[in-house]
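The values are calculated or read from the model by the stated rules, or taken from the named source; none is laboratory data. For clarity, every value in this text was computed on a predicted model and none was experimentally measured. Every residue, glycine among them, receives a Cβ derived from its backbone with ideal geometry; neighbour counts consider all protein chains shown.
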Amino acid sequence: MAKYAKWIGGGLGWAFGGPLGAVIGFAIGSLFSTSEKFVSTGYSANRNSFLVSLLVLVAEVMRADGKVVQSELNYVKQYFLKSFGEQAAKEALMLLRDILKQDVPLRDVCYQVRNNMDYPSRLQLLHFLFGISEADGVKHPKEIEVINRIANWIGVTTADYESIKSMFIDSMEAYYKILEVSPNATNDELKKAYHAMAIKYHPDKVGYLGEDIRKSAEVKFQKVNEAYDKIKKERGLV
């Protein structure tokens, strides 16, 4: 079985066709010998569709400034290593290098993601993109611009986009944006907003994608709690 077999696992599900399938087709075309059956249902198909979508979108964020350097690949490798483990990180990086050679129809890919991936998973996808963009400690305006377009095309609301973007900013203004509530909100409104966001970002909503992705999703949940605690302290409620 070819080099990506362990990472791709039991299939790609909906990502096997459409623009996503076209982008990675050359890489997965030799995954299975003629005697092997390509399986595209169940847990692994959902998970692998998510991960392949992430890689294709990451590639577009990485080359937003017109170049891809080795340090960026290293950051991505370390990010995948931390999030998904050594084997997945190694194979994902190989696949990413191949994707970077392709001309990606970004809007069409995003529409495919929007039409096939549930909303909590799309929010997690967006959080990963911001995390990778921020991995080198530098905010690149062109990368943020690409992420903004991706968020719009995959159907993430403006409020949710600002909420996730604000998770990478340390300020009182950002804390309110994370909770999607106005600084003028009453304490009761603040509490209701906190509960609503805790439900929206609960890691169990993406648990079907695998325990590693679920654990990564805990970061959003923690940021909601942190924002609520910071605002309560600032208001003298703690």
As an exercise: evaluate Ala198 against (1) surrounded by fewer than 21 Cβ atoms within 10 Å (Cβ to Cβ); (2) at pLDDT 95 or above; (3) touching a Lys or Arg at 6+ places or on another chain (Cβ under 8 Å); (4) not aromatic (Phe, Trp, Tyr) and give the number of the one condition it does not meet.
(3)
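Give the residues of the stretch 191-238 that are of a type in the set (Val, Ile, Thr) and either within 20 Å of Phe80 (Cα to Cα) or touching a strand residue (DSSP E or B) at 6+ places or on another chain (Cβ under 9 Å) (or both), sorted by residue number. Please lay out each step first, then the result.
Initial filter on the stretch 191-238 (of a type in the set (Val, Ile, Thr)): 199, 206, 213, 219, 224, 231, 238.
Listed by number, the residues that qualify are Val206, Ile213, Val219.
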Residues that are crowded, with 17+ Cβ neighbours inside 10 Å and either among the aliphatic types (A, V, I, L, M) or modelled with pLDDT of 85 or more (or both), drawn from the stretch 79-92
Ala88, Ala89, Ala92
Does Ile199 satisfy being more than 17 Å from Ala159 (Cβ to Cβ), β-branched (Val, Ile, Thr) and either under 15 Å from the mean Cα position of the chain (by Cα) or not assigned by TED's automatic domain parsing to the domain that holds Asn46 (or both)?
no
Can you tell me which of (1) modelled with pLDDT of 85 or more; (2) touching a Leu at 6+ places or on another chain (Cβ under 8 Å); (3) of a type in the set (D, E, K, R); (4) closer than 20 Å to Val206 by Cα is the one Arg47 doesn't meet?
(1)
So the check is Cβ under 7 Å with 6+ separation or different chains; which pairs have a first residue in the stretch 220-238 that's more than 20 Å from His127 (Cβ to Cβ) and a second one that's among the hydroxyl-bearing types (Ser, Thr, Tyr)?
Ile231/Tyr175; Ile231/Tyr176
Can you name the residue in the stretch 120-157 that is part of a helix (DSSP H, G or I) and basic (Lys, Arg) and, of all such residues, is surrounded by the most Cβ atoms within 10 Å (Cβ to Cβ)?
Arg122
Where residues in the stretch 101-116 are surrounded by fewer than 21 Cβ atoms within 10 Å (Cβ to Cβ) and among the aliphatic types (A, V, I, L, M), which of them is modelled with the highest pLDDT?
Leu106
